[in-house]
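Student: Here's a structure for you.
The values are calculated or read from the model by the stated rules, or taken from the named source; none is laboratory data. Note that this is a predicted model, so its numbers are computed, not measured. Using ideal geometry, Cβ is built from the backbone for each residue, glycine included, and neighbour counts are taken over all protein chains shown. Quick note on the areas: whole protein, heavy atoms, side chains included, nothing else; ligands and nucleic acids left out. Shrake-Rupley method; radii C 1.70, N 1.55, O 1.52, S 1.80 Å.
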Amino acid sequence: MGRPEFTPRGRGGFRGGRGGGKVVVEPHRFEGVFLGKSKDGDILLTKNMVPGVSVYKEKLVVIEEGDKKVEYRTWNPFRSKLGTAIGNGINNMPIKPGSKVLYLGAASGTTVSHVSDIVGEEGLVYAVEFSPRSGRDLLNVARSRPNIIPILEDARHPHKYRMLVGMVDVIFADVAQPDQARIVALNAHSFLKNDGFAVMSIKANCIDSTAPPEQVYKAELEKLKQELFRPREQISLEPYERDHAVVVALYRASAKKE
């Protein structure tokens, strides 16, 4: 499948608004993600777990499917590293319906809400955020989404929330800290299943502003290898995020996954 085009307009990134314009919704190659196709181009969508509710002023698209109406939320790549990675053609997307996800650096809950849509009622999102201000917004998002468990703690100290978090299938990290690989590893050693995945968004200048981004990415991959990860993929987030990349790595790979 080719790389989908995004045509962001305003915050929602999809002209026509709720139910506006003719939109055809098709399943994306990643389960739980959808493509909205219209004359304006293609955009990523997730099926809204809380119909009628917009999380970050994203546009809602209502489609008639048989005798019922289904509501989707547009996924703005300028507001989500994970959405950007999918739009840029990432090959490995371990978050799927039913997944248990530990999300480090949940911020106000923008991407967390889309992950909530993807994993659905059978999945869980443990959303860790340290900033009190962002944490308040995250709590508001979680109130209407029972599969989000907000945790207002420092991701550097996973022992502080060990009684709240079960074993997970995926860790997604967007913490933008110099010791990000170490933070991911600490959490993986506590919560990530064998053959689980880490998906890490790397902001190069937050780790080393003096080194070329590719050199920073390579160094972060080496740190992950030392912590029992096997890197599977690296993808740039250009043009939506400058000097950013997303890395996908397999944790404690079994023989069948080698």
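Student: In the list Ala219, Ala181, Ala188, which residue meets the criterion of being open to solvent by less than 70 Å² (accessible area, probe 1.4 Å), touching a residue at least 60 places away in the same chain (Cβ under 8 Å) and outside any strand (DSSP E or B)?
Tutor: Every option except Ala188 fails the conditions.
Student: Scan region 102-124 for residues that are under 15 Å from Phe30 (Cβ atoms) and either in contact with a Pro (Cβ under 9 Å, 6 or more places away or on another chain) or of a type in the set (Ser, Thr, Tyr) (or both) and jot them down.
Tutor: Those that are under 15 Å from Phe30 (Cβ atoms) and either in contact with a Pro (Cβ under 9 Å, 6 or more places away or on another chain) or of a type in the set (Ser, Thr, Tyr) (or both): Thr111, Ile118, Val119, Gly120, Gly123.
Student: Quick check on Val125: is it touching a helix residue (DSSP H, G or I) at 6+ places or on another chain (Cβ under 9 Å) and touching a residue at least 60 places away in the same chain (Cβ under 8 Å)?
Tutor: no
Student: Any residue in region 137-150 that is closer than 14 Å to Val53 by Cβ sitting within a Cβ distance under 7 Å of a residue that is part of a helix (DSSP H, G or I)? List the pairs, counting only those 6 or more apart or interchain.
Tutor: Partner pairs satisfying both residue conditions: Val141/Val112; Val141/Ser113; Arg145/Ser113; Arg145/Ser116; Ile148/Val112; Ile148/Ser116; Ile148/Val141; Ile148/Ala142.
Student: A follow-up question, please. So in region 32-51, with the set limited to residues that are in contact with a His (Cβ under 9 Å, 6 or more places away or on another chain) and either at pLDDT below 95 or not in a loop (DSSP other than H, G, I, E, B) (or both), which one is nearest to Gly120 (Cα to Cα)?
Tutor: Thr46
Student: Then there's this: How many residues does region 110-156 hold that are open to solvent by less than 70 Å² (accessible area, probe 1.4 Å), assigned to a loop (DSSP other than H, G, I, E, B) and either out of contact with any Lys or Arg (no Cβ under 9 Å at 6 or more places or on another chain) or modelled with pLDDT under 95 (or both)?
Tutor: 6
Student: Report, by residue number, each residue of region 54-109 that is hydrophobic (A, V, I, L, M, F, W, C), open to solvent by 10 Å² or more (accessible area, probe 1.4 Å) and touching a helix residue (DSSP H, G or I) at 6+ places or on another chain (Cβ under 7 Å).
Tutor: Val55, Met93, Ala107
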